[in-house]
1. Quick check on region 82-101: of everything there that is assigned to a loop (DSSP other than H, G, I, E, B) and modelled with pLDDT under 95, which residue is most open to solvent (accessible area, probe 1.4 Å)?
2. Are any of the residues in region 75-88 in contact with a helix residue (DSSP H, G or I) (Cβ under 8 Å, 6 or more places away or on another chain), on the phi > 0 side of the Ramachandran plot and aliphatic (A, V, I, L, M)?
3. Show the residue pairs that are 6+ apart or on different chains and have beta-carbon atoms under 6 Å apart, the first residue being within region 27-48 and more than 19 Å from GLU109 (Cβ to Cβ), the second being among the aromatic types (Phe, Trp, Tyr).
4. So in region 102-139, with the set limited to residues that are of a type in the set (A, V, I, L, M) and crowded, with 17+ Cβ neighbours inside 10 Å, which one is nearest to GLY45 (Cα to Cα)?
5. In region 1-50, which residue that is among the small types (Gly, Ala, Ser) and touching a helix residue (DSSP H, G or I) at 6+ places or on another chain (Cβ under 7 Å) is most open to solvent (accessible area, probe 1.4 Å)?
6. Restricting region 58-78 to residues that are assigned to a helix (DSSP H, G or I) and open to solvent by less than 60 Å² (accessible area, probe 1.4 Å), which is modelled with the lowest pLDDT?
Amino acid sequence: MHDIYPSRRAAEPELLPRQDPVVHSDWHANAPLSRQQVEQFERDGYLVLQNLFDPGELEALQDETRLLLASPASLDADTIITERGSDEIRSIFAIHEQSALIRRLATDERLVRIAQYLLGDEVYIHQSRLNYKPGFFGK
């Protein structure tokens, strides 16, 4: 049997060519991304979308994340992940189901159109989480 995911068993990490497409739509003038953005996503696997949200929207989202962190009793306890050996919140799962503002973000047409374009299909939320853990620290 041929393993189509050989990186699972490799002794050393290596870069392998992709077997499946990354972008599932042909670029056109009405696409929600520029041709350059699509090419960058196809090459790098991510995009940084500068100025997609205005400063007021970003401030409201940041305020919401601080509010959620400060009031864990308002959250479903089964969705909260804490740092080992402490009560410090590391992540909150199913965050779009617990915050109306995050739900609006997750369903924002500016993001949905891009996801639909890249995937070439309708989209839904499989999993959401809010990570508070700073990069390179914690477990």
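1. Looking only at region 82-101, we keep the residues that are assigned to a loop (DSSP other than H, G, I, E, B), and these are 83-88, 94, 98-99.
Add one more test, that the residue is modelled with pLDDT under 95, and what stays is 83-88.
Numbers: GLU83: 26, ARG84: 203, GLY85: 89, SER86: 46, ASP87: 142, GLU88: 119 Å².
Only one residue tops the list, namely ARG84.
2. The answer is no, given that none of the residues of region 75-88 is in contact with a helix residue (DSSP H, G or I) (Cβ under 8 Å, 6 or more places away or on another chain), on the phi > 0 side of the Ramachandran plot and aliphatic (A, V, I, L, M).
3. Final answer for the pair search is ARG35/TRP27.
4. First, pick out the residues of region 102-139 that are of a type in the set (A, V, I, L, M): 102, 105-106, 111-112, 114-115, 118-119, 123, 125, 130.
Those still in the list that are crowded, with 17+ Cβ neighbours inside 10 Å too: 102, 105, 114, 118, 130.
Values: ILE102: 24, LEU105: 21, ILE114: 14, LEU118: 11, LEU130: 21 Å.
Filtering region 102-139 for residues that are of a type in the set (A, V, I, L, M) and crowded, with 17+ Cβ neighbours inside 10 Å, the one nearest to GLY45 (Cα to Cα) comes out as LEU118.
5. Residues of region 1-50 among the small types (Gly, Ala, Ser): 7, 10-11, 25, 29, 31, 34, 45.
Among the residues that remain, those that are also touching a helix residue (DSSP H, G or I) at 6+ places or on another chain (Cβ under 7 Å) are: 25, 31.
Numbers: SER25: 35, ALA31: 17 Å².
Here the residue is SER25.
6. Just the residues of region 58-78 that are assigned to a helix (DSSP H, G or I), to begin with: 58-70, 72-74, 77-78.
Now drop any that are not open to solvent by less than 60 Å² (accessible area, probe 1.4 Å), which leaves 60-61, 64-65, 68, 72.
Numbers: ALA60: 98, LEU61: 97, GLU64: 97, THR65: 96, LEU68: 96, PRO72: 93.
The selected residue is PRO72.
Quick grid of which residues meet (1) farther than 30 Å from TRP27 by Cα; (2) out of contact with any Phe, Trp or Tyr (no Cβ under 8 Å at 6 or more places or on another chain):
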residue	(1), (2)
SER71	yes, yes
ASP76	yes, yes
ILE81	yes, no
PHE93	yes, yes
GLU97	yes, yes
LEU101	yes, yes
LEU111	no, yes
ILE114	no, yes
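This table checks each residue for (1) at pLDDT below 95; (2) assigned to a loop (DSSP other than H, G, I, E, B); (3) in contact with a Leu (Cβ under 6 Å, 6 or more places away or on another chain); (4) not β-branched (Val, Ile, Thr).
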| site | (1), (2), (3), (4) |
| --- | --- |
| ASP3 | yes, yes, no, yes |
| ALA11 | yes, yes, no, yes |
| GLU14 | yes, yes, no, yes |
| PRO17 | yes, yes, no, yes |
| PRO21 | yes, yes, no, yes |
| HIS24 | no, yes, yes, yes |
| ALA29 | no, yes, no, yes |
| LEU33 | no, yes, no, yes |
| LEU49 | no, yes, no, yes |
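The values are calculated or read from the model by the stated rules, or taken from the named source; none is laboratory data. What you are looking at is a predicted structure, and each value in this text was computed from that prediction instead of being measured. Glycine also receives a Cβ, built like all others from the backbone with ideal geometry; neighbour counts cover every protein chain displayed. For the accessible areas, the whole protein counts, side chains as well, though only heavy atoms, and no ligand, DNA or RNA atoms are used. Shrake-Rupley method; radii C 1.70, N 1.55, O 1.52, S 1.80 Å.
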